[in-house]
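This report refers to the structure that appears directly beneath it.
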Amino acid sequence: MSKGFLFSTVPNILCELGSSTKVGELIKKLGTKHAMIVTDPGLRKLGLTDKIQAGIEKEGLKCSVFDKVAEDPPESIVLELIQKCKEIGVDGIVGVGGGSSMDTAKVTAFMAGKTSQTMAEVYGVGKTVGSRLPLIQVPTTAGTGSEVTDISVITTGVAEKKGVVGPQLYADYAVLDGDLTLSLPPKVSAATGIDAMVHAIEAYTSKFKKNVLSDVLAREALKLLSENIRRVCEDGQDRDARGGMLLGSLYAGMAFANSPCAAVHALAYPIGSHFHVPHGLSNSLMLPHVLRFNGGEPKAALMYRDLTGILFPAEAAIQGTDVMVMADGFTQLSHDLKIPVNLSQVGIKETDLEFLATEAMKVDRLMPNNPREVKLQDALDLYTKAYHN
Ligand SMILES: [Fe+2]
(Lines give C-alpha, C1' and ligand atoms only; values in the text may rest on other atoms or scores of the structure.)
Protein backbone atom coordinates (compact mmCIF):
# COMPACT_ATOMS: atom_id res chain seq x y z
CA MET A 1 0.00 0.00 0.00
CA SER A 2 1.32 3.45 -0.91
CA LYS A 3 1.52 6.24 1.63
CA GLY A 4 -1.77 7.93 2.58
CA PHE A 5 -3.12 10.87 0.64
CA LEU A 6 -6.08 13.20 0.26
CA PHE A 7 -7.41 13.66 -3.26
CA SER A 8 -9.96 16.36 -4.11
CA THR A 9 -11.63 17.32 -7.36
CA VAL A 10 -14.91 18.66 -8.73
CA PRO A 11 -18.04 16.59 -7.93
CA ASN A 12 -19.37 16.45 -11.52
CA ILE A 13 -17.75 16.16 -14.94
CA LEU A 14 -19.82 16.18 -18.11
CA CYS A 15 -17.73 15.15 -21.10
CA GLU A 16 -19.50 14.94 -24.45
CA LEU A 17 -19.26 16.66 -27.82
CA GLY A 18 -21.97 19.36 -27.90
CA SER A 19 -22.46 19.27 -24.10
CA SER A 20 -22.12 23.03 -23.59
CA THR A 21 -25.77 23.40 -24.68
CA LYS A 22 -26.72 21.65 -21.42
CA VAL A 23 -25.17 24.31 -19.18
CA GLY A 24 -28.55 26.09 -18.75
CA GLU A 25 -30.19 22.92 -17.51
CA LEU A 26 -27.35 22.22 -15.09
CA ILE A 27 -27.14 25.70 -13.58
CA LYS A 28 -30.90 25.79 -13.12
CA LYS A 29 -30.65 22.58 -11.07
CA LEU A 30 -28.09 24.33 -8.89
CA GLY A 31 -30.73 26.94 -7.98
CA THR A 32 -29.53 29.82 -10.16
CA LYS A 33 -32.02 32.42 -11.40
CA HIS A 34 -29.60 34.96 -12.88
CA ALA A 35 -26.42 33.56 -14.40
CA MET A 36 -23.31 35.47 -15.41
CA ILE A 37 -21.17 34.13 -18.25
CA VAL A 38 -17.54 35.14 -17.71
CA THR A 39 -15.46 35.18 -20.89
CA ASP A 40 -13.05 37.21 -23.03
CA PRO A 41 -13.92 39.51 -25.94
CA GLY A 42 -12.36 37.25 -28.58
CA LEU A 43 -14.46 34.23 -27.66
CA ARG A 44 -17.64 36.28 -27.54
CA LYS A 45 -16.89 37.68 -30.99
CA LEU A 46 -16.37 34.13 -32.27
CA GLY A 47 -19.88 33.37 -31.00
CA LEU A 48 -18.69 30.63 -28.64
CA THR A 49 -20.85 31.90 -25.78
CA ASP A 50 -24.04 32.35 -27.84
CA LYS A 51 -25.29 28.77 -27.59
CA ILE A 52 -24.55 28.66 -23.87
CA GLN A 53 -26.42 31.92 -23.32
CA ALA A 54 -29.35 30.67 -25.40
CA GLY A 55 -29.38 27.42 -23.40
CA ILE A 56 -29.54 29.34 -20.12
CA GLU A 57 -32.33 31.66 -21.34
CA LYS A 58 -34.26 28.68 -22.69
CA GLU A 59 -34.52 27.45 -19.11
CA GLY A 60 -36.29 30.72 -18.20
CA LEU A 61 -33.25 32.15 -16.40
CA LYS A 62 -31.76 35.60 -16.75
CA CYS A 63 -28.31 35.62 -18.32
CA SER A 64 -25.72 38.40 -18.33
CA VAL A 65 -22.36 38.27 -20.07
CA PHE A 66 -19.08 39.80 -18.86
CA ASP A 67 -16.58 39.70 -21.70
CA LYS A 68 -13.75 41.87 -20.43
CA VAL A 69 -11.45 39.12 -19.15
CA ALA A 70 -7.86 39.72 -20.26
CA GLU A 71 -4.91 37.34 -20.34
CA ASP A 72 -3.21 37.06 -16.93
CA PRO A 73 -6.39 38.55 -15.43
CA PRO A 74 -5.72 41.84 -13.64
CA GLU A 75 -7.22 42.25 -10.17
CA SER A 76 -8.99 45.45 -11.28
CA ILE A 77 -11.10 43.51 -13.83
CA VAL A 78 -11.91 40.83 -11.26
CA LEU A 79 -13.03 43.48 -8.76
CA GLU A 80 -15.17 45.16 -11.42
CA LEU A 81 -16.90 41.86 -12.18
CA ILE A 82 -17.50 41.02 -8.50
CA GLN A 83 -19.06 44.46 -7.98
CA LYS A 84 -21.27 44.03 -11.05
CA CYS A 85 -22.48 40.59 -9.94
CA LYS A 86 -23.46 41.97 -6.53
CA GLU A 87 -25.20 45.03 -8.04
CA ILE A 88 -27.39 43.11 -10.49
CA GLY A 89 -28.13 40.13 -8.24
CA VAL A 90 -26.21 37.41 -10.10
CA ASP A 91 -26.57 34.07 -8.29
CA GLY A 92 -24.63 31.68 -10.54
CA ILE A 93 -21.40 31.88 -12.56
CA VAL A 94 -20.41 30.17 -15.82
CA GLY A 95 -16.75 30.46 -16.82
CA VAL A 96 -16.22 30.02 -20.57
CA GLY A 97 -12.69 30.19 -21.97
CA GLY A 98 -9.11 29.40 -21.16
CA GLY A 99 -7.42 29.67 -17.77
CA SER A 100 -7.89 33.43 -17.49
CA SER A 101 -11.69 33.31 -17.84
CA MET A 102 -12.09 30.26 -15.62
CA ASP A 103 -9.75 31.67 -12.94
CA THR A 104 -11.73 34.92 -12.98
CA ALA A 105 -15.01 32.98 -12.81
CA LYS A 106 -14.00 30.87 -9.81
CA VAL A 107 -12.73 33.71 -7.65
CA THR A 108 -15.78 35.79 -8.57
CA ALA A 109 -18.16 32.95 -7.64
CA PHE A 110 -16.52 32.95 -4.22
CA MET A 111 -16.21 36.71 -3.67
CA ALA A 112 -19.78 37.42 -4.85
CA GLY A 113 -21.07 34.57 -2.68
CA LYS A 114 -21.38 34.32 1.08
CA THR A 115 -18.17 35.81 2.41
CA SER A 116 -17.19 39.01 4.16
CA GLN A 117 -13.55 38.77 3.05
CA THR A 118 -11.74 41.28 0.86
CA MET A 119 -9.56 40.20 -2.09
CA ALA A 120 -6.43 41.02 -0.08
CA GLU A 121 -7.54 38.54 2.59
CA VAL A 122 -8.05 35.56 0.28
CA TYR A 123 -4.65 35.45 -1.49
CA GLY A 124 -2.65 32.43 -0.39
CA VAL A 125 -3.42 28.80 0.33
CA GLY A 126 -6.52 27.91 2.36
CA LYS A 127 -7.45 31.48 3.32
CA THR A 128 -10.98 31.42 1.86
CA VAL A 129 -13.78 31.48 4.47
CA GLY A 130 -17.41 31.28 3.35
CA SER A 131 -19.26 29.73 0.43
CA ARG A 132 -19.49 30.53 -3.26
CA LEU A 133 -22.29 30.88 -5.80
CA PRO A 134 -23.08 27.90 -8.08
CA LEU A 135 -20.24 27.56 -10.59
CA ILE A 136 -19.88 25.76 -13.92
CA GLN A 137 -16.63 25.82 -15.88
CA VAL A 138 -16.52 25.31 -19.65
CA PRO A 139 -12.96 25.18 -21.07
CA THR A 140 -12.37 26.30 -24.65
CA THR A 141 -8.68 25.38 -24.72
CA ALA A 142 -6.93 22.14 -23.84
CA GLY A 143 -5.38 23.42 -21.69
CA THR A 144 -4.98 24.85 -18.38
CA GLY A 145 -7.08 22.27 -16.55
CA SER A 146 -8.49 25.21 -14.59
CA GLU A 147 -11.97 23.63 -14.80
CA VAL A 148 -10.88 21.05 -12.22
CA THR A 149 -8.48 23.00 -10.02
CA ASP A 150 -9.03 25.04 -6.86
CA ILE A 151 -6.49 27.65 -7.91
CA SER A 152 -7.11 31.11 -9.32
CA VAL A 153 -4.09 33.12 -10.45
CA ILE A 154 -4.62 36.89 -10.52
CA THR A 155 -2.23 39.66 -11.57
CA THR A 156 -1.94 42.36 -8.93
CA GLY A 157 -0.18 45.67 -9.56
CA VAL A 158 1.88 45.75 -12.75
CA ALA A 159 3.08 42.18 -13.07
CA GLU A 160 2.94 40.35 -9.76
CA LYS A 161 0.87 37.18 -9.78
CA LYS A 162 -0.94 36.00 -6.69
CA GLY A 163 -2.88 32.79 -6.22
CA VAL A 164 -6.12 32.16 -4.39
CA VAL A 165 -6.23 28.49 -3.42
CA GLY A 166 -9.19 27.08 -1.53
CA PRO A 167 -11.69 24.21 -1.68
CA GLN A 168 -14.55 26.61 -2.52
CA LEU A 169 -12.90 27.23 -5.90
CA TYR A 170 -13.71 23.75 -7.17
CA ALA A 171 -16.66 24.12 -9.57
CA ASP A 172 -19.97 22.25 -9.28
CA TYR A 173 -19.55 21.04 -12.86
CA ALA A 174 -16.75 20.88 -15.41
CA VAL A 175 -18.38 20.69 -18.84
CA LEU A 176 -16.08 19.41 -21.59
CA ASP A 177 -17.31 20.07 -25.09
CA GLY A 178 -14.60 19.33 -27.64
CA ASP A 179 -16.55 21.26 -30.29
CA LEU A 180 -15.70 24.52 -28.49
CA THR A 181 -12.01 23.95 -29.24
CA LEU A 182 -12.40 23.40 -33.01
CA SER A 183 -11.52 27.01 -33.87
CA LEU A 184 -8.26 27.10 -31.90
CA PRO A 185 -5.38 28.00 -34.21
CA PRO A 186 -2.54 25.42 -34.46
CA LYS A 187 -0.01 27.50 -32.50
CA VAL A 188 -2.46 27.94 -29.59
CA SER A 189 -3.37 24.25 -29.70
CA ALA A 190 0.34 23.41 -29.58
CA ALA A 191 1.29 25.70 -26.69
CA THR A 192 -1.76 24.95 -24.55
CA GLY A 193 -1.34 21.23 -25.22
CA ILE A 194 2.27 21.34 -24.06
CA ASP A 195 1.14 23.27 -20.96
CA ALA A 196 -1.19 20.38 -20.13
CA MET A 197 1.68 17.94 -20.64
CA VAL A 198 3.82 19.99 -18.23
CA HIS A 199 1.02 19.80 -15.63
CA ALA A 200 1.07 16.01 -15.84
CA ILE A 201 4.89 15.74 -15.83
CA GLU A 202 5.28 18.12 -12.88
CA ALA A 203 2.47 16.38 -10.94
CA TYR A 204 4.17 13.01 -11.53
CA THR A 205 7.47 14.26 -10.09
CA SER A 206 6.16 16.74 -7.48
CA LYS A 207 8.17 16.53 -4.27
CA PHE A 208 5.57 16.37 -1.50
CA LYS A 209 2.03 15.51 -2.56
CA LYS A 210 2.49 13.05 -5.42
CA ASN A 211 0.19 10.08 -4.83
CA VAL A 212 -1.06 6.96 -6.61
CA LEU A 213 -4.15 8.66 -7.98
CA SER A 214 -2.34 11.71 -9.33
CA ASP A 215 0.20 9.29 -10.86
CA VAL A 216 -2.51 7.31 -12.69
CA LEU A 217 -4.08 10.51 -13.99
CA ALA A 218 -0.74 12.00 -15.05
CA ARG A 219 0.22 8.92 -17.05
CA GLU A 220 -3.19 8.69 -18.73
CA ALA A 221 -3.09 12.43 -19.47
CA LEU A 222 0.29 12.11 -21.16
CA LYS A 223 -0.92 9.18 -23.24
CA LEU A 224 -3.95 11.10 -24.53
CA LEU A 225 -2.09 14.38 -25.04
CA SER A 226 0.88 12.85 -26.88
CA GLU A 227 -1.39 10.78 -29.11
CA ASN A 228 -3.47 13.79 -30.12
CA ILE A 229 -1.36 16.96 -30.05
CA ARG A 230 0.06 16.58 -33.57
CA ARG A 231 -3.37 15.58 -34.90
CA VAL A 232 -5.12 18.74 -33.63
CA CYS A 233 -2.32 20.93 -34.96
CA GLU A 234 -2.51 19.31 -38.40
CA ASP A 235 -6.31 19.24 -38.61
CA GLY A 236 -8.16 21.55 -36.22
CA GLN A 237 -11.49 19.99 -37.19
CA ASP A 238 -10.53 16.51 -35.97
CA ARG A 239 -13.28 16.21 -33.33
CA ASP A 240 -12.01 12.93 -31.97
CA ALA A 241 -8.52 14.34 -31.37
CA ARG A 242 -9.98 17.57 -29.91
CA GLY A 243 -11.98 15.51 -27.43
CA GLY A 244 -8.85 13.53 -26.53
CA MET A 245 -6.88 16.71 -25.85
CA LEU A 246 -9.64 18.13 -23.66
CA LEU A 247 -9.88 14.94 -21.62
CA GLY A 248 -6.09 14.71 -21.32
CA SER A 249 -6.00 18.30 -20.11
CA LEU A 250 -8.70 17.50 -17.54
CA TYR A 251 -6.77 14.49 -16.20
CA ALA A 252 -3.62 16.61 -15.96
CA GLY A 253 -5.60 19.32 -14.13
CA MET A 254 -6.95 16.79 -11.63
CA ALA A 255 -3.41 15.53 -11.07
CA PHE A 256 -1.72 18.87 -10.50
CA ALA A 257 -4.53 20.21 -8.32
CA ASN A 258 -3.50 17.47 -5.88
CA SER A 259 0.20 17.18 -6.63
CA PRO A 260 1.30 20.71 -7.52
CA CYS A 261 3.49 22.02 -10.33
CA ALA A 262 7.11 22.95 -9.82
CA ALA A 263 10.14 24.58 -11.49
CA VAL A 264 8.89 24.66 -15.09
CA HIS A 265 5.89 26.74 -14.03
CA ALA A 266 7.90 28.82 -11.54
CA LEU A 267 10.39 29.74 -14.30
CA ALA A 268 7.61 30.28 -16.85
CA TYR A 269 5.62 32.73 -14.72
CA PRO A 270 8.02 35.72 -14.97
CA ILE A 271 8.33 35.17 -18.75
CA GLY A 272 4.56 35.49 -19.00
CA SER A 273 4.12 38.40 -16.63
CA HIS A 274 7.01 40.59 -17.80
CA PHE A 275 7.21 39.74 -21.50
CA HIS A 276 3.57 38.86 -22.19
CA VAL A 277 4.43 35.46 -23.60
CA PRO A 278 1.39 33.11 -23.49
CA HIS A 279 1.46 30.75 -20.50
CA GLY A 280 1.70 27.51 -22.50
CA LEU A 281 4.53 28.83 -24.65
CA SER A 282 6.49 30.07 -21.60
CA ASN A 283 6.26 26.55 -20.19
CA SER A 284 7.30 24.83 -23.41
CA LEU A 285 10.37 27.12 -23.66
CA MET A 286 11.61 26.06 -20.21
CA LEU A 287 10.53 22.41 -20.14
CA PRO A 288 13.45 20.58 -21.89
CA HIS A 289 16.04 22.44 -19.80
CA VAL A 290 14.32 21.73 -16.48
CA LEU A 291 13.96 18.06 -17.48
CA ARG A 292 17.72 17.78 -18.14
CA PHE A 293 18.49 19.59 -14.86
CA ASN A 294 16.10 17.44 -12.80
CA GLY A 295 17.49 14.31 -14.44
CA GLY A 296 20.63 14.92 -12.34
CA GLU A 297 18.62 13.87 -9.28
CA PRO A 298 18.53 10.02 -9.29
CA LYS A 299 14.99 9.67 -7.88
CA ALA A 300 13.60 12.09 -10.45
CA ALA A 301 15.54 10.36 -13.24
CA LEU A 302 13.78 7.10 -12.34
CA MET A 303 10.33 8.74 -12.38
CA TYR A 304 10.96 10.29 -15.78
CA ARG A 305 11.78 6.84 -17.15
CA ASP A 306 8.11 5.91 -16.55
CA LEU A 307 7.00 8.76 -18.79
CA THR A 308 9.41 8.83 -21.73
CA GLY A 309 7.93 5.71 -23.32
CA ILE A 310 4.38 7.07 -22.94
CA LEU A 311 5.27 10.42 -24.48
CA PHE A 312 7.68 9.38 -27.23
CA PRO A 313 7.22 5.63 -27.82
CA ALA A 314 9.03 5.53 -31.18
CA GLU A 315 12.11 7.37 -29.86
CA ALA A 316 12.12 5.37 -26.60
CA ALA A 317 12.05 2.09 -28.53
CA ILE A 318 15.33 3.03 -30.24
CA GLN A 319 17.09 5.31 -27.74
CA GLY A 320 15.72 4.10 -24.39
CA THR A 321 13.77 5.93 -21.71
CA ASP A 322 16.41 8.27 -20.28
CA VAL A 323 15.11 11.77 -19.48
CA MET A 324 17.44 13.19 -22.17
CA VAL A 325 15.34 11.35 -24.77
CA MET A 326 12.23 13.04 -23.36
CA ALA A 327 13.89 16.47 -23.30
CA ASP A 328 15.08 16.13 -26.92
CA GLY A 329 11.60 14.83 -27.86
CA PHE A 330 10.00 18.02 -26.57
CA THR A 331 12.46 20.27 -28.42
CA GLN A 332 11.70 18.36 -31.60
CA LEU A 333 7.96 18.59 -30.90
CA SER A 334 8.18 22.39 -30.63
CA HIS A 335 10.10 22.51 -33.93
CA ASP A 336 7.51 20.26 -35.59
CA LEU A 337 4.59 22.32 -34.27
CA LYS A 338 6.36 25.51 -35.41
CA ILE A 339 6.39 27.28 -32.06
CA PRO A 340 9.43 29.19 -30.71
CA VAL A 341 12.17 27.10 -29.12
CA ASN A 342 14.30 29.75 -27.40
CA LEU A 343 13.83 32.89 -25.33
CA SER A 344 15.32 35.25 -27.92
CA GLN A 345 12.49 34.33 -30.31
CA VAL A 346 9.95 35.79 -27.87
CA GLY A 347 11.71 39.14 -27.42
CA ILE A 348 13.80 38.37 -24.34
CA LYS A 349 17.39 39.72 -24.28
CA GLU A 350 20.39 38.12 -22.63
CA THR A 351 20.52 41.08 -20.22
CA ASP A 352 17.01 40.18 -18.97
CA LEU A 353 18.00 36.73 -17.73
CA GLU A 354 19.28 37.76 -14.29
CA PHE A 355 16.07 39.64 -13.59
CA LEU A 356 14.02 36.62 -14.67
CA ALA A 357 16.01 34.35 -12.36
CA THR A 358 15.44 36.67 -9.39
CA GLU A 359 11.71 36.80 -10.14
CA ALA A 360 11.41 33.01 -10.54
CA MET A 361 12.95 32.44 -7.11
CA LYS A 362 10.05 34.43 -5.63
CA VAL A 363 7.49 31.87 -6.86
CA ASP A 364 7.59 30.05 -3.54
CA ARG A 365 4.18 28.41 -4.05
CA LEU A 366 5.73 26.20 -6.78
CA MET A 367 9.55 26.17 -6.74
CA PRO A 368 9.88 24.06 -3.54
CA ASN A 369 7.84 21.26 -5.18
CA ASN A 370 10.61 20.62 -7.69
CA PRO A 371 12.23 17.19 -7.33
CA ARG A 372 15.69 18.83 -7.40
CA GLU A 373 16.42 22.00 -5.46
CA VAL A 374 16.72 25.07 -7.68
CA LYS A 375 19.04 27.82 -6.43
CA LEU A 376 19.34 31.30 -7.93
CA GLN A 377 22.39 30.31 -10.00
CA ASP A 378 20.55 27.20 -11.27
CA ALA A 379 17.61 29.38 -12.34
CA LEU A 380 20.01 31.66 -14.21
CA ASP A 381 21.71 28.67 -15.86
CA LEU A 382 18.31 27.30 -16.94
CA TYR A 383 17.28 30.62 -18.49
CA THR A 384 20.68 30.89 -20.19
CA LYS A 385 20.21 27.44 -21.72
CA ALA A 386 16.68 28.33 -22.79
CA TYR A 387 18.02 31.54 -24.37
CA HIS A 388 20.76 29.85 -26.38
CA ASN A 389 18.72 26.74 -27.30
FE1 LIG B 1 0.11 25.68 -16.66
Query raised in the report: Which of A70, A35, A142 moves most in a GNM of the chain, Cα contacts under 10 Å?
Result: A70
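Label the chain by shape, choosing from rounded, prolate and oblate, from the square roots a ≥ b ≥ c of the eigenvalues of the Cα gyration tensor; if a/c is under 1.5 it is rounded, and otherwise prolate applies when a/b is larger than b/c, oblate when it is not.
Values: a/c = 1.68, a/b = 1.47, b/c = 1.15.
Prolate is the answer for the chain, as a/c is 1.5 or above and a/b outweighs b/c.
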Report task. Could you work out how far helix 239-258 tilts from the main Cα principal axis of the chain, as a 0 to 90 degree angle to the nearest 10? Result -> 80 degrees
**Report entry** Highest average packing first - 168-180, 280-292, 207-219, Cβ atoms within 10 Å
**Finding:** 280-292, 168-180, 207-219
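Could you tally the net charge around K162, taking each other residue with its Cβ under 10 Å from the Cβ of K162, Lys/Arg +1 and Asp/Glu -1? Show your work: numbers first, answer last.
Values: positive: K161, R365; negative: E75, E160.
Local charge sum for K162: 0.
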Query raised in the report: With point charges of +1 on the Cβ of Lys and Arg and -1 on the Cβ of Asp and Glu, referenced to the Cα centre of the stretch 1-58, which listed residue (T21, L6, G42) lies farthest in the positive direction of the dipole?
Result: L6
Report task. Work out the charge dipole of the chain with +1 on the Cβ of Lys and Arg and -1 on the Cβ of Asp and Glu about the Cα centre, then indicate which of P288, S206, C85 is farthest towards its positive end. Result -> C85
**Report entry** Computed label-point distance, nm, for sites F7 and K29 using a 7 Å Cα→Cβ extension
**Finding:** 2.3 nm
Report summary line: Taking the square root of 5λ for each eigenvalue of the C-alpha gyration tensor of the stretch 184-388, the equivalent ellipsoid has semi-axes, largest first and in whole angstrom, of 24, 20, 16
Query raised in the report: Among V158, V129, H274, whose Cα lies farthest out toward the positive end of the dipole of the chain, if unit charges sit on the beta carbon of Lys, Arg (+1) and Asp, Glu (-1)?
Result: V129
Report task. Under a 10 Å cutoff between Cα atoms, tell me which one of K223, K375, K28 has the largest fluctuation in the Gaussian network model of the chain. Result -> K375
Query - Net dipole in debye of the stretch 32-124 [+1 Lys, Arg Cβ; -1 Asp, Glu Cβ; about Cα centre; nearest 20] - result: 360 debye
Report summary line: Under the 7 Å Cα-to-Cβ spin-label approximation, K84 and D381 lie apart by a distance in nanometres of 4.8 nm
Report task. Report the accessible area of Y251, computed with a 1.4 Å probe over the heavy atoms of all protein chains in place, in Å² rounded to the nearest 10. Result -> 50 Å²
Query raised in the report: Where nothing but the Cβ of Lys and Arg (+1) and of Asp and Glu (-1) is charged, how large is the charge dipole of the stretch 184-388 around its Cα centre, in debye to the nearest 20?
Result: 320 debye
Query - Helix-only CD estimate at 222 nm, as mean residue ellipticity for the chain, using -39500 (n - 2.57) per DSSP H run (n ≥ 4) - result: -16000 deg cm²/dmol
**Report entry** Selected from S206, S259, S334 as most flexible by GNM, with the chain as the system and alpha-carbon contacts under 10 Å
**Finding:** S334
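Only bridges with both residues in the chain count here: give the DSSP antiparallel percent, nearest 5. Present the calculation step by step, with values, prior to reporting the outcome.
Numbers: 7 of 30 bridges.
Bridges in the chain are about 25 percent antiparallel.
Suppose every K and R has +1 on its Cβ and every D and E has -1 on its Cβ; what is the size of the dipole of the chain about the Cα centre, in Debye to the nearest 20?
On the way: 39 positive and 44 negative charges, 156 e Å.
The dipole of the chain has a size of about 740 debye.
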Report task. Over the chain, calculate the relative contact order: mean separation of alpha carbon pairs under 8 Å at least 6 apart, over the residue count, as a percent. Result -> 15 percent
Report summary line: Note on the stretch 12-180, DSSP bridge orientation, antiparallel percent to nearest 5 equals 25 percent
Report task. Any chance you could check the Cα centroid distance between the stretch 319-352 and the stretch 217-280 for me, in angstrom? Result -> 16 Å
Query raised in the report: Accessible area per residue, 1.4 Å probe, Å², for the stretch 184-388: what's the number?
Result: 39 Å²
Query - the stretch 12-180: equivalent-ellipsoid semi-axes (sqrt of 5 x gyration tensor eigenvalues, Cα, Å) - result: 23, 17, 15
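Given a 1.4 Å probe and every protein chain left where it sits, what share in percent of the accessible area of the chain is carbon and sulfur? Spell out each step's value before the answer.
Values: 8550 of 15620 Å².
Roughly 55 percent of what the probe reaches on the chain is carbon or sulfur.
The values are calculated or read from the model by the stated rules, or taken from the named source; none is laboratory data. Keep in mind that this is a model prediction, so the values were computed, not measured. We place every Cβ from the backbone using ideal geometry, glycine too, and count neighbours over all the protein chains shown. Ligands, DNA and RNA are excluded from the accessible area calculation, which covers all protein heavy atoms including side chains. Shrake-Rupley method; radii C 1.70, N 1.55, O 1.52, S 1.80 Å.
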